[in-house]
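Visitor: This is the structure I want to talk about, given as C-alpha cells.
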C-alpha cells in the first residue's frame, strides 16, 4: 500500500505540474483589489479575476467564523479594497459594511453591488429541521433555510463567481472579455467536477447513503455528493437535545445512518466531540472535510476533490474516529482523476475559444 500511495502521489504531483506548465504568462499588475470574508470566497474571486485581481482574506484561518468579532485589520483591508466578496451570513460582515464605503457582493442585500441569488444561488433546507429539531433551528433562525456553508454547493459556487464577474465588469468594463473567459473556464471545471462525482457515485453508491452532520455546513458537502442528511449535532451554539441524540443513536443502530460528516469548523465546536464519541461507540465512519479553511489547497475544485477523496477513503475505513490516518492512495487517486477531468475541460474550452 505504501508503494501504491507513493505512486499515486507522484502521479498527482506530475499532473499538477502538467496543468501548471501551459498557463505560464507574463507578469500582470493586478488592477482590482478584492477582499473576501473567508478563503473559499477569495478562491472563487480569484477564479474569475485571474492575474488582474489581487485577493486577500478578511478572517484569518483557525478562527470560528460564527463566533468571531470584526477583526480590526479587516476594516483596514476592506477600506483598501475595490470590492468585498461576502457570505451574507456572518454577523461581523454587517458591522464591516456599515463602517466602510467599499462596494460588495453578497446574499440578499439590496445595498450590494450584486446579489448572488440573482445568479442562481439558493439555500437548502436546514438539516434535521423537523419535530424537536425544528424548535432548535427556530431558536436561531427566522426560517428553516441553511445559511451555513452554502458556498460549498457547486451551483452556489458558480453563482458567487458569476456575481463577482458582473461586479468586476462594473468596476472595470475594459476587462469584461477577460472576466467572461475566466468564468467560462471555471464553469467547465465545475462540470468536470460533477462528472467526477457521478463516476464516484456509480462506484461507491454515495447517493444511497445517509449521514449525520456535525454542523449544518457539512450538509452542503453531503448534498453535492448526493448523500441524504438525517440529523445535525450542532446549530450555531445550540447542541442536539438529549431526545434527538437518542433518535440519532437508534438510527445508527438500525442502519438508517451510515456515516458522520464533520468539517474544519466542526472541529472547533462541541459537536465535534459528540461526533468522535458516536463514531467510537458505534464503529461508524467519521469523515472530516474542508468547509471554510483551505489550508494550502489551491481553489474550490481542489477542496471539493479533496472532500470527495476524504469521503471515499472514510467509507473504505481510511479515516477513523477523530480524523485519523487518511488512505492517501484513494485521496491521491481522486485528485488525479479530478485534475485529468479539469485539464481536459480547460483544453476543450481553450480550443473552442481559438476556433
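Visitor: Considering only residues of the range 272-315 that are modelled with pLDDT of 90 or more and out of contact with any helix residue (DSSP H, G or I) (no Cβ under 9 Å at 6 or more places or on another chain), which is nearest to residue 37 (Cα to Cα)?
Guide: Top of the filtered list is 273.
Visitor: Identify the single condition in (1) farther than 20 Å from residue 106 by Cα; (2) at pLDDT below 95 that residue 217 does not satisfy, given that it satisfies every other one.
Guide: (1)
Visitor: Okay, moving on. Go through the range 144-158 and report how many residues are without any contact (Cβ under 8 Å) to a residue 60 or more places away in the chain, in a helix (DSSP H, G or I) and in contact with a helix residue (DSSP H, G or I) (Cβ under 7 Å, 6 or more places away or on another chain).
Guide: So the count comes out to 1.
Visitor: Take the range 49-88 and flag every residue that is at pLDDT 90 or above and assigned to a loop (DSSP other than H, G, I, E, B).
Guide: The answer is 58, 81, 82, 86, 87, 88.
Visitor: Check 222, 243 and return the single one that is touching a strand residue (DSSP E or B) at 6+ places or on another chain (Cβ under 7 Å), closer than 21 Å to residue 279 by Cα and part of a helix (DSSP H, G or I).
Guide: Exactly one residue qualifies, and that residue is 222.
Visitor: Quick check on the range 92-117: of everything there that is free of Cβ contacts under 8 Å to residues at least 12 places away in the same chain and outside any loop (DSSP other than H, G, I, E, B), which residue is farthest from residue 233 (Cα to Cα)?
Guide: The selected residue is 98.
Visitor: Residues to consider are 231, 222; find the one that is modelled with pLDDT of 90 or more and out of contact with any helix residue (DSSP H, G or I) (no Cβ under 6 Å at 6 or more places or on another chain).
Guide: Among 231, 222, only 222 is modelled with pLDDT of 90 or more and out of contact with any helix residue (DSSP H, G or I) (no Cβ under 6 Å at 6 or more places or on another chain).
Visitor: To continue, here is another question. Please find, within the range 192-208, the residue that is farthest from residue 312 (Cα to Cα) out of those that are in contact (Cβ under 8 Å) with a residue 60 or more places away in the chain and surrounded by 17 or more Cβ atoms within 10 Å (Cβ to Cβ).
Guide: 192
Visitor: Any residue at all in the range 258-278 that is surrounded by fewer than 16 Cβ atoms within 10 Å (Cβ to Cβ), assigned to a helix (DSSP H, G or I) and in contact with a strand residue (DSSP E or B) (Cβ under 7 Å, 6 or more places away or on another chain)?
Guide: yes
Visitor: Answer yes if at least one residue in the range 118-139 is modelled with pLDDT of 95 or more, at negative phi and either surrounded by 23 or more Cβ atoms within 10 Å (Cβ to Cβ) or assigned to a helix (DSSP H, G or I) (or both), and no otherwise.
Guide: Taking every residue of the range 118-139 in turn, at least one turns out to be modelled with pLDDT of 95 or more, at negative phi and either surrounded by 23 or more Cβ atoms within 10 Å (Cβ to Cβ) or assigned to a helix (DSSP H, G or I) (or both).
Visitor: A further question follows. In the set 166, 202, 161, which member is modelled with pLDDT of 95 or more, part of a helix (DSSP H, G or I) and more than 30 Å from residue 236 (Cα to Cα)?
Guide: 166
Visitor: Also, I was wondering about something else. Residues of the range 33-48 being in contact with a helix residue (DSSP H, G or I) (Cβ under 6 Å, 6 or more places away or on another chain) and not in a loop (DSSP other than H, G, I, E, B), which ones?
Guide: If the condition is that a residue be in contact with a helix residue (DSSP H, G or I) (Cβ under 6 Å, 6 or more places away or on another chain) and not in a loop (DSSP other than H, G, I, E, B), then 34, 35, 36, 40, 43, 44, 45, 47, 48 are the ones that fit.
The values are calculated or read from the model by the stated rules, or taken from the named source; none is laboratory data. Note that this is a predicted model, so its numbers are computed, not measured. Positions of Cβ are backbone-derived with ideal geometry, glycine not excepted, and every protein chain shown enters the neighbour counts.
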